[in-house]
Every structure is written in C-alpha cells, then in structure tokens.
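Engineer: What follows is a single structure, and I will ask about it in a moment.
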Amino acid sequence: MARLGQGIGVDALREQVTRIEAEMAGPGFWDDRAAAQARVRELEVAKDRLAEYERLATALDEVEVLLELADEEGDEGTRAEAEAALAKLAEDLERVRIQLLLSGPYDGSDCFLALNAGAGGTDAQDWTEMLLRMYTRFCERAGFAVRLVDETPGEEAGLKSATLEVKGRNAFGLLRGETGVHRLVRISPFDSAARRHTSFASVTATPIVPEDDLVISEDDLRIDSFRAGGPGGQHMQKNETAIRITHLPTGIVVGCQNERSQLQNKLTAMRMLRAKLRALMEQEQARKLDELRGELADIEWGHQIRSYVLQPYQLVKDHRTEVEVGNVQAVLDGELWPFIWASLEAGQASQKA
C-alpha cells in the first residue's frame, strides 16, 4: 500500500484538504463565487481520493488475513474467498489508476458529446450515425447513463448532427480525448460504382457545468421554437416543442428537440450552451498561455485525430498516440479503451514534461 499511497499522493492530498478547509473558514472566501466553487470541487476530489485509499488499504488487510488463514488451515473455501476478494481489489486498483490519470477540474463531470457530419456528403452523414452507435455502446458498457438529446437527420441517410448527454463518474474525463475529426475510409454503400470514399465527422466532448458556474445574460440570447423533426411521438411533432438557442456574442448555436416539453428542451439546451461557453473559455485561456510561451499549439476543435479504414485493409489508428487496432468491428461496437487509455497516459506524460 506504500506504493499506492505514493502514487495517489496521500500526504499531499491531506495537506491540500487542510489548506482548503482553512481557506473556507477564513473571511472573504465566497467573495469570488466562481473561484470558491472551484476550490470546493478540489476539496471534494481530494477527500474522495483519500477515502478511496483508506478503503483499499482496509480491503488489502482483509485479503492478507484471509490468505494467511487459508495457508494455516488448508481451507479451500477460505482460499477461494481470498482469491475472489483479490480479484475485486485488482478491479478497484484499476479504477484508481483511471482517477490518477484524470486531474482536470471537470474530469469527474457529466458531459455532452456532439457529433457533426463533415466532408463526404451522404457517406459522412452515415458515418456520423455509425459514430453515434459506437459511442452509445461504449457509454453503456462503461456504466454511464446515456441519452440522445438532439439530432438532425440526413436527407438520404444517416445524421447531419447528434448530441448525447452522458452521465456518470468521470464521463467527461474519459471522453474528452475523443474531441476532434474522425476519418472513415471504405467502399461506399451509396456509390453504384462501388468506389472507395473518405468521409469525415467531428466529435466534441464538453463538460456539464453547474448553473452558477457560468452566468448567461438573457439579453445575449435568441431563442427560437419549432416542431421536432425526429422521433418522439405525435405530441412532439404536432407542437413547437423543439428549441434552438443562439448566443449572440459568440454565435454559438445549440438545440434540443427530444424532450417532452418546450421547457425541458430549453433547460437542456441551456445546459448545452453553458458547456460550450465554458469549453470556449478554456480554449481561450489555453491559447493565451501558448502565446505567452511562444508556442503555436493546435488546440482547435477541427484537427483529425483518428482514422478508421475498412478497405482495402482493416485498421483503426489514432494519429496522436500511434495506437492501432486491427479489429475494426470491435471498435465500432464500442471497444474504445485502448485509445482512451493511451490518450490519458499521453496527457499525463505531457503534464510531467
């Protein structure tokens, strides 16, 4: 457990808890509400990690006692119990490994995952629908609650755009590395000559932030209502329940049509807008830091990150980490862990550099 404690940084976490609690007890802590909330989130994360360490330490002690009893008494039942507890402990340690790789302020948050068809016409729209299926399956397997909150169907097939709401611990932290352009190479099912086509779709993960984390003026908004165009029942399609919100200062547009009422659609759309504005602010801060360092880092949303080749060979390759997977169907069925692990570890390595 000494190595685990060192990896988690138990001593530093305890010092952090003491320091933040002292700040909270001092005068003027809540004068800057946004900064105070950020410190409270830091405190919660630190306490959660300390509690996890204590729980794992207790579990390890119990496994050691069971193994000693099994050796002394030669009891196969006790040994089987110890081995089962050891397997469970290994799973818990893997979860802690994930937490150690997730250090961003919003990594533990729920998120929106937006998909948009790019170059490639109908093929790109079909590719967007394939990505929607892939991410839905990944989220379900990861234990996240996932639901479609907005979609725009393509003219012939597929989707022009779609937005998923993903809820669960570390949802944003695990999916943030998926932001970027995804390229598909295959024989087009929409080409009568059966030629190979290249299609593009973009993916954007944004954290769902608390309402008071970002105040938006009503004067900065244009809100339009219209009839829902996708599935959802007779009520949704006969009434103007769908909502589109335009943030005038930035030009950001969000929409929601899959809720039952206009009010619910508006609330969801506002959460989407708040998430996009927070992401925009983070990008601006990163750009300023790069300018101060004299760097021209690519922090834009539209860079290509991964290629999925179905013909003439089969391979999925991440261009940032060089991770390659030959089983394309498994990836399209939601097996994204090799890419997510590599992205998280590369991010941690860059922070230490």
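Engineer: Is the shape of the stretch 1-139 rounded, prolate or oblate, going by the alpha carbon gyration tensor and its root eigenvalues a ≥ b ≥ c, with a/c under 1.5 for rounded and a/b larger than b/c for prolate? Intermediate results must be reported in sequence, preceding the final value.
Structural biologist: On the way: a/c = 4.09, a/b = 1.22, b/c = 3.35.
In terms of gyration-tensor shape, oblate.
Engineer: Helix 10-25 against the longest principal axis of the chain: what's the angle in degrees, Cα atoms only, rounded to the nearest 10?
Structural biologist: 70 degrees
Engineer: Based on DSSP H runs of at least 4 residues, each adding -39500 (n - 2.57), what is the mean residue ellipticity at 222 nm of the chain after dividing by all its residues, to the nearest 500 deg cm²/dmol?
Structural biologist: Values: 10 runs with 174 residues, N = 353.
Helix contribution divided over all residues of the chain: -16500 deg cm²/dmol.
Engineer: Among 80, 116, 207, which residue has its Cα positioned farthest towards the positive end of the charge dipole of the chain, with +1 placed on the Cβ of Lys and Arg, -1 on the Cβ of Asp and Glu, and the dipole taken about the Cα centre?
Structural biologist: Farthest along the dipole direction, towards plus: 116.
Engineer: At a Förster radius of 41 Å, what calculated FRET efficiency corresponds to the Cβ-Cβ distance of residue 100 and residue 226, to the nearest 0.05? Show your work: numbers first, answer last.
Structural biologist: Details: r = 46 Å, r/R0 = 1.12.
With R0 = 41 Å, the Cβ-Cβ based efficiency is 0.35.
Engineer: Related question: What does the chain give for Rg and for Dmax, in Å, if only its C-alpha atoms count?
Structural biologist: Rg, Dmax (Cα atoms, Å): 23.7, 75.
Engineer: For a protection proxy built on the mean count of beta-carbon atoms within 10 angstrom, sort 133-141, 120-128, 50-58 highest first, please.
Structural biologist: On the way: 133-141: 18.0, 120-128: 23.0, 50-58: 14.3.
Going from most to least packed, we get 120-128, 133-141, 50-58.
Engineer: Let me have the relative contact order for the stretch 2-101, percent, based on Cα pairs under 8 Å that are six or more residues apart.
Structural biologist: Details: 47 pairs, mean separation 27.6, N = 100.
Relative contact order here is 28 percent.
Engineer: Relative contact order for the chain: what percent, with Cα pairs under 8 Å and sequence separation of 6 or more? Working shown, then result.
Structural biologist: Details: 567 pairs, mean separation 51.8, N = 353.
Across the chain, relative contact order equals 15 percent.
Engineer: A follow-up question, please. Quick one: order 319, 182 by neighbouring beta-carbon count within 10 Å, fewest to most.
Structural biologist: Details: 319 14, 182 23.
Ascending number of Cβ neighbours within 10 Å: 319, 182.
Engineer: Also: For the chain: lysine pairs with Cα atoms under 23 Å, gap of 8 or more or different chains, count?
Structural biologist: Taking the Cα cut-off of 23 Å, the pair count is 11.
Engineer: Rounded if a/c is under 1.5, else prolate if a/b beats b/c, else oblate: with a ≥ b ≥ c from the C-alpha gyration tensor eigenvalues square-rooted, which is the stretch 168-218?
Structural biologist: prolate
None of the figures in this text is laboratory data; all of them are computed from the coordinates on show. Note that the structure is a prediction, hence the values are computed from the model and not measured. Here the Cβ is made from the backbone with ideal geometry for all residues, glycine too, and neighbour counts use every protein chain on show.
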